[in-house]
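The values are calculated or read from the model by the stated rules, or taken from the named source; none is laboratory data. Keep in mind that this is a model prediction, so the values were computed, not measured. In this analysis, Cβ positions are derived from the backbone assuming ideal geometry, glycine residues included, and neighbour counts consider all displayed protein chains. SASA here: full protein model, heavy atoms, side chains in, ligands and nucleic acids out. Shrake-Rupley method; radii C 1.70, N 1.55, O 1.52, S 1.80 Å.
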Amino acid sequence: MEPTVLVTGGAGFIGSNFILEWMEQEGTPVVNLDKLTYAGNPSNLENVAKDSRYRFVHGDICDCDLVRQTLAQQRPRALVHLAAETHVDRSIRGPEDFIRTNVEGTFCLLREALTYWQTLDASEQAAFRFLHVSTDEVYGSLPAEAAPCRENSAYAPASPYAASKAAADHLVRAYHWTYGLPVLITNCANNYGRFQFPEKLVPLMILHAHAGKSLPVYGDGLQVRDWMAVTDHCAALRLVLARGRAGETYHVGGSLQRRNLETVELICRLLDELCPQDPVIPHDQLITHVDDRPGHDRRYALDTTKIRTELKWRPKLRFEEGLRQTVNWYLQHPQWVQEVTSGSYRDWIALHYPQQVRDELR
Ligand code: NAD
Ligand code: TYD
């Protein structure tokens, strides 16, 4: 049996893209440990569900007994840790789950991974990797004129989500320096692509615009985000896993900064072209400024020199082309959209957005 990679959170947005691409490109076995929260969707992985190289373990990363058993049974050569609570707005309304999964869950994985790693022989220990997938949000908001963050920039997380990811990053590094666990950390910019839950900006705007509903832009919409295609992120994760130096952190980003309004306007232009029969044309008439997110970070920007020079990684997809593919994917998968936007998704929209946006859902 070829060595296995254990992925946590593999039924989520990045996780399912990662697993599908991994099985296509690397072809070695994958075990997916996922709790299937509202953001986890096993149907994303239906193409590999019956593949003998794929195994699914339904469970919580905070369940240390289950994590211990899974490591002992599957004997992975690496752990790719993607499981997390990920939506900033939800973290503002209820931070508890974020502290539990992102901090306590990461701690549980580290503790059990260390115990497992200590049972390996010397060559297996040297080859083992714990890859922790993190975010640019740990650096907090960057002034407009400030240089992009480097891997040694100071952490200044502003939202409960960012603070929980920052805490996890610190724990992962501590396990390397204190116990020698061979960890890797990636801090990545905002991703877009297929399978992203439509609470996040890009899919929410695509689906609302297509349906002729308001496009709720927080505040003035001049906040800057660095965007990248999820496929480019997954390629970077495979490369860091294969060639990254243990104990190191790598930034992954598109080096492509856009104001939110620019991104929403681009989505509208793509839909004007692709869906001229939609209820409201041009789609940008639907843009509606709503109350800003509390503590909303104005700008994220990552310096990606390290991964570009050390590992020769480059993002392949240009923003407009990647967004066009993403818009097309959402248009071609109404059944997927229907499944994920029924039930609790509606409750979230009703809780979070102002009356006008809520009414359109009735
Ligand atoms: P997502 O919200 O789409 O998916 C998260 C997955 O984790 C889901 O399948 C969910 O069921 C699972 N999960 C949640 N809690 C769990 C628990 N306690 N035990 C086991 N499984 C659990 O998230 P995503 O956007 O795919 O993000 C994946 C990772 O990448 C996260 O760690 C996130 O912080 C990081 N990241 C995301 C982005 C982005 O733009 N999406 C950018 C940078 C970093
Ligand atoms: P989001 O996709 O939630 O990612 P993050 O907060 O992790 O960067 O949001 C991206 C940007 O879009 C962020 O600045 C908040 C903004 N935004 C809106 O303006 N309206 C919305 O309805 C959402 C969900 C986000």
Exercise. Label HIS170 and TRP336 with points 7 Å out from Cα along Cα→Cβ: what is the distance between them in nm?
Worked result: 3.7
Problem set entry | PHE130 long-range amide H proximity, modeled H, under 5 Å | LEU79, VAL183, LEU184
Problem set entry | Cross-link partners of LYS316 among aspartates and glutamates (Cα-Cα below 14 Å; sequence separation of 8 or more within a chain) | ASP232
Exercise. In nanometres, what is the gap between the two model label sites at GLU21 and GLU151, each 7 Å from Cα along Cα-to-Cβ?
Worked result: 2.0
Problem set entry | In region 21-96, GluC sites (Glu not before Pro) in a DSSP loop with at most 15 other beta-carbon atoms within 10 Å | GLU26, GLU46
Seminar exercise, completed: Long-range amide H partners of THR135, meaning residues 5 or more apart or on another chain whose placed amide H is closer than 5 Å, are CYS188
Seminar exercise, completed: Reduced to Cα centres, the span from region 27-55 to region 178-198 in Å works out to 18
Seminar exercise, completed: In region 186-296 the DSSP beta bridges are antiparallel at a rate, in percent to nearest 5, of 25
For this session: Please build a GNM for the chain, connecting alpha carbons under 10 Å apart, and tell me which residue among ALA168, ALA122, ALA246 fluctuates the most.
Result: ALA122
For this session: Provide the net charge surrounding GLY140, with neighbours chosen by a C-beta distance below 12 Å and charges set as Lys +1, Arg +1, Asp -1, Glu -1.
Result: 0
For this session: Can you list which of the trypsin sites (Lys or Arg not before Pro) found in region 310-354 are DSSP loop residues with at most 13 other C-beta atoms within 10 Å?
Result: LYS312, LYS316, ARG318
Seminar exercise, completed: The relative contact order of region 174-274, taking Cα pairs under 8 Å that sit 6 or more residues apart, comes to a percentage of 42
Exercise. When the dipole is taken about the Cα centre of the chain, and only Lys, Arg (+1) and Asp, Glu (-1) are charged at their Cβ, what size is it in debye, to the nearest 20?
Worked result: 660
Seminar exercise, completed: Cβ-Cβ cut-off under 11 Å around SER16, Lys and Arg +1, Asp and Glu -1: the net charge is -2
Exercise. Hey, what angle do you get for helix 319-332 against the long axis of the chain, alpha-carbon based, 0 to 90 degrees rounded to 10?
Worked result: 80
Exercise. In whole angstrom, how far apart do the alpha carbon centroids of region 269-336 and region 238-258 sit?
Worked result: 21
Problem set entry | Apportionment of accessible area to carbon and sulfur, the chain, percent (1.4 Å) | 50
Exercise. Under the Karplus relation 6.51 cos²θ - 1.76 cosθ + 1.60, θ = phi - 60°, what is the ordered set of whole-Hz ³J(HN,Hα) values for region 163-177, x standing for Gly and Pro?
Worked result: 5, 5, 5, 4, 4, 4, 4, 4, 5, 4, 4, 4, 5, 6, 5
Exercise. Considering only protein heavy atoms, what per residue accessible area in square angstrom results for the chain with a 1.4 angstrom probe?
Worked result: 42
Seminar exercise, completed: Once Lys and Arg are counted +1 and Asp and Glu -1 for all other residues with Cβ under 12 Å from that of GLN69, the total becomes -1
Exercise. Which part of region 129-154 falls in the paramagnetic zone of ARG298, meaning amide N under 12 Å from the point 7 Å along Cα-to-beta-carbon?
Worked result: 141-146
For this session: Just order 61-67, 300-306 by mean Cβ neighbour count inside 10 Å, highest at the front, would you?
Result: 300-306, 61-67
Exercise. For THR28 and LYS316, what does the FRET efficiency come to when R0 = 22 Å and r is the distance between their Cβ atoms, rounded to the nearest 0.05?
Worked result: 0.45
Exercise. Around GLU248, which amide H atoms from residues at least 5 apart in sequence, or from another chain, sit under 5 Å from its own amide H, with H modelled in the peptide plane?
Worked result: ILE185
Exercise. With the chain treated as a Gaussian network of Cα nodes joined by springs under 10 Å, which of VAL280, VAL80, VAL133 yields the largest mean-square fluctuation?
Worked result: VAL280
For this session: With a cut-off of at most 12 other beta carbons within 10 Å, and DSSP calling the residue loop, which trypsin sites (Lys or Arg not before Pro) in region 4-112 qualify? Please list them.
Result: LYS50
Exercise. SER123 to LEU351: extension gain in nm, 0.36 nm per residue of separation minus the Cα-Cα distance?
Worked result: 76.9 nm
For this session: Relative to the longest principal axis of the C-alpha atoms of the chain, give the angle of the C-alpha long axis of helix 106-118, reported between 0 and 90° and rounded to the nearest 10°.
Result: 30
Problem set entry | Value of D in µm² per second that Stokes-Einstein yields for region 129-280, Kirkwood Rh from Cα pairs, at 10 °C (1.306 mPa s) | 92
For this session: Return one number: the angle in degrees, 0 to 90 and rounded to the nearest 10, between the long axis of the Cα atoms of helix 260-274 and the longest principal axis of the Cα atoms of the chain.
Result: 70
Seminar exercise, completed: DSSP beta bridges in the chain: the antiparallel percent, rounded to 5, is 10
